[in-house]
Amino acid sequence: LTLLREPEFLAIAAIKFASGMSFATVLLALALYTDQFAVSGGVAGLFGTVYAVVRLLLVLPVGRYIDLGDAKRYLVTGVILNGAVLVAYTFVGAAWHVIVLRIFQSAGATILIIGGTAVVGEIAPEEERGLWIGTHNQIGSAASLSGDLAGGALLYSAGFTPTYAVLV
């Protein structure tokens with residue numbers, strides 16, 4: 001908890017928390033989209049498959065670009081992309097919209113995960129780098145739980161648009 005007193009770490013931790021909560025909430029929303037659009041198991045499977053394929057294709061190049069560039073700039077790009085995806089989720093009207101958004105969500109998440117870890121590694125004192133990165137990842141785990149609980153409650157009680165508004 002003492003790391004949360006570091007303003008730069010706190011900012012990155014807030015990004016990690018928001019993105020983790022958003023990811024977990026969208027996972028719950030995928031089940032609702034499956035019901036809403038009465039899609040087959042194959043189409044529902046694409047909701048996860050496109051996410052995984054995009055991550056597979058982007059992890060190495062994104063990591064390389066972040067190594068060569070300004071990790072903080074990439075992190076901000078990831079935040080903007082993820083915010084735009086959440087806004088776009090409010091306009092979903094068909095299963096193919098979900099598939100396209102999952103592609104962009106995966107790209108944004110990849111940038112956030114790699115960029116956030118790189119920035120934490122840059123700002124952490126060398127002798128505490130493992131602690132800082134571990135704490136950063138722990139915040140992501142707490143965010144996933146929050147997304148499951150709070151995001152799920154919001155989805156089921158208020159619907160898609162208010163939930164995505166809170167996440168943005």
(message) With a 1.4 Å probe and all protein chains kept in place, how much accessible area does Phe17 have, in Å² rounded to the nearest 10?
(response) 80
(message) Using the Cα centre of the chain as the reference point, and only Cβ charges (+1 on K/R, -1 on D/E), how large is the resulting charge dipole? Debye, rounded to the nearest 20.
(response) 360
(request) Quote the accessible area belonging to Thr77 in square angstrom, nearest 10, computed with a 1.4 Å probe and with ligands, DNA and RNA left uncounted. (result) 70
(request) Treating the angle as unsigned and between 0 and 90°, give the value, to the nearest 10°, between the Cα long axis of helix 95-123 and the longest Cα principal axis of the chain. (result) 10
(message) Considering only C-alpha atoms, what is the centroid distance from the range 113-134 to the range 1-73, in Å?
(response) 19
(message) Could you report the range 92-168's accessible area per residue, 1.4 Å probe, as an integer in Å²?
(response) 46
(message) Strictly greater than 23 Å: what percent of every Cα pair in the range 42-168 meets that?
(response) 39
(message) Once you place label points 7 Å from the Cα toward the Cβ at Trp96 and Val76, how far apart are they in nm?
(response) 3.6
(request) With runs of 4+ DSSP H residues as the only contributors, calculate the mean residue ellipticity of the chain at 222 nm using -39,500 (n - 2.57) per run, divided by the residue total and rounded to the nearest 500. (result) -28500 deg cm²/dmol
(request) Compare Leu101, Leu60, Leu81 in a GNM of the chain, Cα atoms joined below 10 Å, and give the one with the largest fluctuation. (result) Leu60
(request) Could you check how much of the accessible area of the chain is carbon and sulfur, as a whole percent, using a 1.4 Å probe? (result) 68
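The values are calculated or read from the model by the stated rules, or taken from the named source; none is laboratory data. Predicted model, so just to flag it, every value in this text is computed and none were measured. Note that we place each Cβ from the backbone using ideal geometry, even for glycine, and neighbour counts take in every protein chain shown. In case anyone asks, the SASA skips ligands and DNA or RNA and just uses the protein heavy atoms, side chains included. Shrake-Rupley method; radii C 1.70, N 1.55, O 1.52, S 1.80 Å.
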